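The structure appears below as structure tokens.
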Amino acid sequence: MKKFILFYRENTQWFNGSWQHLTKVFKGWCKTSHLKEVEFNKNWFYRFTILLLVFGQVTLYSQSNTNNSQWGKNGPASAPASPVNWANGNAQATNSHFTEGQSIPTRIELAGLTPNVPASVTFNINITQGNDGQHAFDFFTGPNRIEEIVSPLDGLTGYNPVKSTYVFPIPNAGNTGGVPAGYYNETALKMACQQNVDAAFPDKNSIWIYNGTVSNITYVWGNEDGLSTQQTYCTVTFTPTSTKALLVLGCHIGAELTASCIGWGVGNGASTIGGSPYHFHIDNVCSPLSNCVTLGSQDQQMASNTIIVPPTCSIAPSSAQICAGATAVFTASGINGSGGAPYTFAWTGPNGFSASIASINVGVAGTYSVIVSDSNGVPAEAPCTVNLVVRDNPAPSVDDEEACVGSTATFSTASIPGYSYQWYLNNNIIPGATSNSYTTPALAQGDSGGVYKVIVIDGNHNTACDGEDAGILTVNALPTVVAN
């Protein structure tokens, strides 16, 4: 099956060929018919009547409305164009740049319509290319899914500037011409996800029309070249308010895994296909709905080098905990991307922090983010982030102590679970003194003035944050007893 579609589909060249063939038949018939005998009989009348009817039908359906489709080209990656430039011809790296998950703006201008009489146009996109599940375009959206401005009426006249919109329906068994809904499951999930993300901006997932209103959209699935190339046909039924109408939409570029709504998997995105696999084709125009003309040359292509693969990024380490007063170093790296190295970096962080270098040295707690761009200036689709935790240092408190010769003294600080303790005398470690308190042996007068210090380490977070405090020992002589 070459195509599975709901309408009669042949090339317009059929009309020219049919006319030439019928003309030859008519001339041949004249040479052999009863005209040579100048006889008027019913056979001649029947034949002539049939020819007139056939010629009339061919003439009627060859007088189709005119149409024109154009891409919205946003300039090369090195020199973006905003608003986009509407033009015929293929989109390629010299005039356009898009990323997976964006949509290329597309407009269709139809003329020769009958005002207030329903009409339709059918167009298709290549959704898979080859036998490996690689997706070129995958579904239809609004035209404004890029960073550049899209002005649909640029260069055109005779249109009401107020547009009407119609949200592209999610594919299902009811609007796919009887094709099992299972084929559309993945596409339906991605369209639903995208429309949910853009719920506040419905025109991002709608077809736009100027000089008319859309009443229905249906889909049909078809194959080209066996099973290697699969296509989706979209029929838009609308009612024009003038003799011409403008339809504007977007062809969504299949993504691997980097788009906000999960893509088709590694190796199955649009950027993995070589050549010019991205086709948009106008197949059929019906005005009125009973008069459909199939077109054979309205094809727009987009080269694979138009698809810019954004870089990704990483940060090392992936997180850090430090003690108050210390700092941590985070280093960002750019990974792949069409432009490759050298990469540029744009850091942001707490308290208005910003930096444009790969490595940052910071000490304020919070989340730090970096956008990495490749040599073409194309940024990663999402920033890389890292979190810095700053732990407070322990704050032990040790009091001075007094004792008499021959007695003992006890120095102590608060006991906190997870903390470890080490006591020092005059900055010399006291072996075994590892609790929150320390009691001296029996004191001599010479022990007076000793400095007993404790270092407390917070072992709860593997940060080794520490704090210290010390107390001074005073040893008093025993009182002298004098007998009377």
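The amide H of Phe139, built 1.01 Å from its N in the peptide plane, has His252 as neighbours under 5 Å, considering only residues 5 or more places off or on other chains. Distance between the 7 Å Cα→Cβ label points at Ala199 and Ile149: 3.1 nm. Residues Thr440, Thr385, Thr122, ranked from the fewest to the most other C-beta atoms within 10 Å, line up as Thr385, Thr440, Thr122. Taking amide H positions as modeled 1.01 Å from N, with prolines and chain starts lacking one, the residues under 5 Å from Ala91 and 5 or more places away or on another chain are Gln301, Met302, Ala303.
Any read-out appearing in this document is the output of simple, stated calculations on the displayed coordinates, not a laboratory observation. Fair warning: this is a prediction, and the values are worked out from it, not measured in the lab. Every residue, glycine as well, gets a Cβ built from its backbone with ideal geometry; the counts of neighbours run over all protein chains shown.
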